[in-house]
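Participant: Before anything else, here's the structure in question.
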């Protein structure tokens, strides 16, 4: 127990130091590097808390894909180092951070003293959800509308980025070692993504984690010069991106038309419908994230 407390204390201290450094360091490049390291440690924190689903998503997106986007944006900008943060700014940020920690502690501490009712409610209905993993049951059955809206938000983010015009990444010649390792790791990312998708119904994983891993593999291949930029005007690209929302919406209409209500799955069809939605959502998330990072975004036609 003392070793675990020491580990948790060091992890919290490192997170606070990295967050403060990313906000106040003068060099933008150093700030991005600190942000990426912060994302990796945050993924470790989620894993330490038992939220493996969030840990996988944070490692792939927060530390991986977003880090690549920030570095690419820095390479295309003419930004110069900003002024060093003054003592007053540091004091104010520390004060606001302390206030936030106090508010979160006040909100979370009662949860450690009492047993929440929601886990028990999910456990009671788990057998009727079609899956045996409670997180998947909540995301794709009990709160399916939330997940559908998350796909819509991702699509809106992609369309919003397209309004900025052509943002193709100009990359230097890839190192031979990067190209060699990419050829070895690319099949591994496909296997891991497929495993996370298949495993999501019974254990941590699912569409978002699988899609993020597949997108990370595509970005890696692009950085190595082995994969061209994915164009938005390709019919296949648009079909895959819109497919997740389309399949989700069709299932919602079908369950309303033939069943008891919107996204109220028939008992015998729960698992097949959830698997169908997850496959379509995985491909949609993977292609959407890939286009956001390395896609060739043309100016929208009038």
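Participant: What distance in nm separates the simple spin-label points at residue 47 and residue 132, each placed 7 Å from Cα in the Cβ direction?
Facilitator: It works out to 2.4 nm between the two label points.
Participant: With label points built 7 Å along Cα→Cβ from the Cα atoms of residue 250 and residue 264, find their separation and express it in nm.
Facilitator: Going from the residue 250 label point to the residue 264 one covers 2.3 nm.
Participant: Name the shape class, rounded, prolate or oblate, that the alpha-carbon gyration tensor gives for region 140-279, where a ≥ b ≥ c are the square roots of its eigenvalues, rounded holds for a/c under 1.5, and otherwise prolate holds if a/b is larger than b/c and oblate otherwise. Can you show the working numbers first?
Facilitator: On the way: a/c = 3.22, a/b = 1.70, b/c = 1.90.
Oblate.
Participant: Considering the Cα trace of the chain, what is its radius of gyration and what is Dmax, both in angstroms?
Facilitator: When restricted to Cα atoms, the chain yields Rg and Dmax of 21.6, 64 Å.
Participant: Here's another thing I want to ask about it. How long are the semi-axes of the ellipsoid equivalent to region 1-77, from square roots of 5 times the Cα gyration tensor eigenvalues, in whole Å, largest first? Let's see the in-between values first.
Facilitator: Numbers: eigenvalues 131, 52, 6 Å².
The three semi-axes for region 1-77 are 26, 16, 6 Å.
Participant: What is the fewest-to-most order of 6, 230 by other Cβ atoms lying within 10 Å of their Cβ?
Facilitator: On the way: 6 10, 230 19.
Listed from fewest to most nearby Cβ atoms, that is 6, 230.
Participant: Using a Gaussian network for the chain with springs between C-alpha atoms less than 10 Å apart, which of these wobbles most: 189, 105, 290?
Facilitator: 105
Participant: Among 138, 101, 219, which one shows the biggest mean-square fluctuation in a GNM of the chain, springs joining Cα atoms closer than 10 Å?
Facilitator: 101
Participant: If you average the C-alpha positions of region 116-138 and of region 170-229 separately, how far apart do those two centres end up, in angstrom?
Facilitator: Region 116-138 and region 170-229 have Cα centres spaced 31 Å from each other.
Participant: Which of these, 26, 143, 106, has the largest mean-square fluctuation under a Gaussian network model of the chain (Cα springs below 10 Å)?
Facilitator: For the chain, modelled as a Gaussian network with Cα springs under 10 Å, the answer is 106.
The numbers here are math on the coordinates, done by the rules we state, and not lab data. Keep in mind that this is a model prediction, so the values were computed, not measured. All Cβ positions, even for glycine, are placed from backbone atoms using ideal geometry, and neighbour counts span all protein chains on display.
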